[in-house]
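Enquirer: Quick one: the structure is below, questions incoming.
The values are calculated or read from the model by the stated rules, or taken from the named source; none is laboratory data. Since the structure is predicted, the reported quantities are computational estimates derived from the model, not experimental observations. Reconstructed Cβ throughout: ideal geometry from the backbone, glycine too, with neighbour counts over all protein chains shown.
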Amino acid sequence: MSGIIYLITCNKTGEQYVGSTTIGLNQRMRNHRSNMKRFDEDIRRSSCASFDIIRRGNFTTQTLEAVNFGNDKSDLKKREEFYISQYNACNIIKHPGKSKLEYNQHYFQTEKGKQVKCVSNQKYREKMGEELLAKKREYYRANKGAIAEKSKLYREANKEVIALKKQEAYYNNIDEEHEKRKAYRLANKEKIAESNKAYYEKNKERIALRDKAKRDARKTQLIS
């Protein structure tokens, strides 16, 4: 197999981008433009260092080298990395010797990568909000039993950790929790009263027995 290393140069700023492709330069540039448009319209989630150059609309392209690499595409990537370094290209942030997947995994662990991913995910959710919600509901309905079983197993295996996290969250926000509960009680006074009344009517015999047992226990303590 064969491919090429190509260079995109911005005629306004002098900024340069180096890339590699196996589909020919013309088709690759069409892909760059298409991907840039999809990114600007919030359809595509990931950016590319070439977008800023192409967006300015004044640039030139050229082939730097034709590369025969057989079945191992890493040779093509190594030549791309060589030219990125030679031209001090705007995509110099790539990590030499790493695949695109490995680079992305590394990048999205950095603070900048986390911020980019967060903004990208937020845009995607805003764009696809209703559709994503519908898919989640459909998935949940189709897998309700499996999800419930998985959640149960997780809770059982992490009972102490979950309890500790809840306790920490409560004590870290104790004042806020008290205010929330107070506000809820004030806003739902009648509802709470009706709920308490309904609970008493349903359980009054059991409550009476419990109260009697408490009174008898107190009498026994006083006598002794």
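Enquirer: Looking only at segment 1-49, which residues are free of Cβ contacts under 8 Å to residues at least 12 places away in the same chain, of a type in the set (A, V, I, L, M) and assigned to a helix (DSSP H, G or I)?
Expert: If the condition is that a residue be free of Cβ contacts under 8 Å to residues at least 12 places away in the same chain, of a type in the set (A, V, I, L, M) and assigned to a helix (DSSP H, G or I), then no residue fits.
Enquirer: Also, I was wondering about something else. Condition first: exposed (fewer than 15 other Cβ atoms within 10 Å of the Cβ), at pLDDT below 90 and farther than 25 Å from SER2 by Cα. Can you find one or more residues in segment 47-62 that meet it?
Expert: Here is the first cut: in segment 47-62, the residues exposed (fewer than 15 other Cβ atoms within 10 Å of the Cβ) are 47, 55-58, 60, 62.
Now narrow it down to the ones that are at pLDDT below 90: 47.
If we keep only those that are farther than 25 Å from SER2 by Cα as well, we get 47.
Yes: segment 47-62 contains one or more residues that are exposed (fewer than 15 other Cβ atoms within 10 Å of the Cβ), at pLDDT below 90 and farther than 25 Å from SER2 by Cα.
Enquirer: Considering every residue within segment 102-114, establish whether at least one is of a type in the set (D, E, K, R) and either at pLDDT 90 or above or loosely packed, with under 10 Cβ neighbours inside 10 Å (or both).
Expert: At the first step, the residues of segment 102-114 found to be of a type in the set (D, E, K, R) are 102, 111-112, 114.
In the following step, the residues that additionally are either at pLDDT 90 or above or loosely packed, with under 10 Cβ neighbours inside 10 Å (or both) were identified as 111.
The answer is yes, given that some residue of segment 102-114 is of a type in the set (D, E, K, R) and either at pLDDT 90 or above or loosely packed, with under 10 Cβ neighbours inside 10 Å (or both).
Enquirer: Would you check if there is a residue in segment 65-82 being under 30 Å from MET128 (Cα atoms), without any contact (Cβ under 8 Å) to a residue 40 or more places away in the chain and either assigned to a helix (DSSP H, G or I) or out of contact with any Phe, Trp or Tyr (no Cβ under 8 Å at 6 or more places or on another chain) (or both)?
Expert: Scanning segment 65-82, I find no residue that is under 30 Å from MET128 (Cα atoms), without any contact (Cβ under 8 Å) to a residue 40 or more places away in the chain and either assigned to a helix (DSSP H, G or I) or out of contact with any Phe, Trp or Tyr (no Cβ under 8 Å at 6 or more places or on another chain) (or both), so the answer is no.
Enquirer: Same structure, new question: Can you pull out the residues in segment 21-46 that are polar (S, T, N, Q) and modelled with pLDDT of 90 or more?
Expert: Our first condition is that a residue be polar (S, T, N, Q); within segment 21-46, this holds for 21-22, 26-27, 31, 34-35, 46.
Correct list: THR21, THR22, ASN26, GLN27, ASN31, SER34, ASN35.
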